[in-house]
């Protein structure tokens, strides 16, 4: 198979980002998992989608190139990983969908997870604190040949930190709601 065929399996253009590849795989995995889809070709489509995902993630940086490194990646993929990927996808297809969703492989397709959201919250709080304390420090200890810090720069940095904090809180709420729904479904 060629890289363009792998992109077509996931319904993507060849310029897709890693996040788009992950999102498309999650949709295809849910659509074609034999536990959910009873059609006879669902298992094969699920295996192809998993193979395409693994190939595109493993070789994302090389796909933009059209040189020897890309050809070598394709050869290596065919020789080693394609069979391994198909065996793993076959095992995932035999498992129930709920069990498949709990695998490490499926969890790696999440775009946002709790750790990255908490990290964003911490960064935004640090930006706000450093902005406030930095402004106060510069007011009390101005540089010898420099003026007092401008209020405009203080307000801009403070607004940037607040915006980042609000966005992080929105993502945290969406993540907790999704996690809560997922836990309720498992019960």
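General remarks:
- Where helices (runs of 4 or more DSSP H) sit wholly within the range 1-96, those with at least 3 residues that are within 14 Å of residue 109 (Cβ to Cβ) and at pLDDT 80 or above occupy 18-32, 42-58.
- If you check 92, 130, 135 for being surrounded by 12 or more Cβ atoms within 10 Å (Cβ to Cβ) and in contact (Cβ under 8 Å) with a residue 24 or more places away in the chain, only one passes: 92.
The values are calculated or read from the model by the stated rules, or taken from the named source; none is laboratory data. Every value quoted in this text rests on a predicted model; they were computed, and no experiment measured them. Counting neighbours? That spans all protein chains shown, and the Cβs are built from the backbone with ideal geometry, glycine included.
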